[in-house]
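These notes are about the structure you will find just below.
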Amino acid sequence: MRPLYLVISVCLLLVASNAYAQSSNYPATVTGAVSTVQVTAPPHGVWVSNEDTRAVSGVYALSNGWRLHVRPAKDGVAARIDDQRPIRLIALSPDKYVTSDGNVAMEFNRGDHGDDMLMSYVPDSNLAEVIVVTATVAER
C-alpha cells in the first residue's frame, strides 16, 4: 500500500511543477539591448473606375520644383517625377493612392477647388523620415 501512496504523491508533484511553469511571467524579461521589428501588411487596393483615375490624371507642379505626371493604370495610377522611372500606385480610394511598399502615398482632389495634391514619401528606408510635398494642377 505504501508504494501506491508514493506513486500518487510523485504524480501530484509533477502536476504541480507543470502548473508553476505555466504561471511564470512570459515573455521573460531580457537585460540589455532589445531589437524590434515592425511589420506592415501590404495595402489592399480597391476598385476605382476609369473616370476616377482620369479625374486625378494630369501634370502637377510640386512645391519643391519637380513636375509630377500622373496617368491612369490598371487598378490605380502611374506617376512619374520629371525624367525618373514611373511609380505604380494602388488605389485605396478614388482620391488616395499608395505604392505596394507604402513608401509613397498621394492624396488628390484637395483644396477649395479640388486641384491640389499631397504627396508623402520615404526618401531612404534606413531613416525614419517622411517628406511631404504639396502640389497644384499645372495641366490636365
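So the values come out like this:
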{"item": "Selection count, the stretch 108-140, where residues are over 19 Å from GLY65 (Cβ atoms) and acidic (Asp, Glu)", "result": "3"}
{"item": "Conditions (1) without any contact (Cβ under 8 Å) to a residue 24 or more places away in the chain; (2) within 15 Å of HIS44 (Cα to Cα); number of the one not met by TYR97", "result": "(1)"}
{"item": "Residue check, GLY102 in contact (Cβ under 8 Å) with a residue 60 or more places away in the chain and within 20 Å of the chain's Cα centre (by Cα)", "result": "yes"}
{"item": "The listed residue being at pLDDT below 85 and in contact with a Ser or Thr (Cβ under 9 Å, 6 or more places away or on another chain), out of VAL46, VAL104, VAL77, VAL39", "result": "VAL46"}
{"item": "Residue list for the stretch 102-117, restricted to those being in contact with a strand residue (DSSP E or B) (Cβ under 7 Å, 6 or more places away or on another chain), assigned to a strand (DSSP E or B) and either among the acidic types (Asp, Glu) or closer than 15 Å to VAL77 by Cα (or both)", "result": "VAL104, ALA105, MET106, GLU107, PHE108, ASP116, MET117"}
{"item": "Complete set of residues in the stretch 57-85 that are over 19 Å from VAL132 (Cα atoms) and not aliphatic (A, V, I, L, M)", "result": "SER57, GLY58, ARG71, PRO72, LYS74, ASP75, GLY76, ASP83, ARG85"}
{"item": "In the stretch 89-100, residue farthest from VAL56 (Cα to Cα) [restricted to those that are in a loop (DSSP other than H, G, I, E, B) and out of contact with any Pro (no Cβ under 8 Å at 6 or more places or on another chain)]", "result": "THR99"}
{"item": "Test for VAL70: is it over 19 Å from the mean Cα position of the chain (by Cα), more than 26 Å from HIS44 (Cβ to Cβ) and buried (at least 16 other Cβ atoms within 10 Å of the Cβ)", "result": "no"}
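The values are calculated or read from the model by the stated rules, or taken from the named source; none is laboratory data. Everything numeric in this text was worked out from a predicted model, so none of it was measured. Because the Cβ atoms are built from the backbone with ideal geometry, glycine has one as well, and the counts that use them run over all protein chains shown.
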